[in-house]
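Single-structure report; data block below.
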Amino acid sequence: MDYNHGYTTDGHGLPSSNETRVHLRVMFDNKLNFNSHVSAIAHKAHVRASLILRTFVTRDRTVLVKAFIT
């Protein structure tokens, strides 16, 4: 974290950040892009899909889709 902006409270420096989370846990960076948010959601989906494919014996698409949605 960067402490060079000069913001303080009670003599203690406050860190600055390039990203922040807003309502509904959406992440924005200092340029109001949400690429990191989309990337994090895609990563979570990939991890869940991989877990479902490793766990379930069936390869029936309807069963796998229901498992992923649930």
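Throughout, read-outs are computed from the coordinates displayed, never taken from laboratory work. For clarity, every value in this text was computed on a predicted model and none was experimentally measured. No Cβ is skipped: glycine too gets one built from the backbone with ideal geometry, and neighbour counts run over all protein chains shown.
A compact table of results
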read-out: Chain lengthening between residue 39 and residue 69 when straightened (0.36 nm per residue, less Cα-Cα); value: 8.9 nm
read-out: Nitroxide proxy distance, nm - points 7 Å out along Cα→Cβ at residue 55 and residue 16; value: 4.3
read-out: Distant alpha-carbon pairs in the range 8-70 (separation over 16 angstrom), percent; value: 63
read-out: Placed amide H near residue 13: partners under 5 Å, 5+ positions off or other chain; value: none
read-out: Loop trypsin sites (Lys or Arg not before Pro), the range 16-70 (other Cβ atoms within 10 Å of the site Cβ: 13 or fewer; DSSP); value: 31, 59
read-out: Relative contact order %, the chain, counting alpha carbon pairs below 8 Å whose residues are six or more apart; value: 15
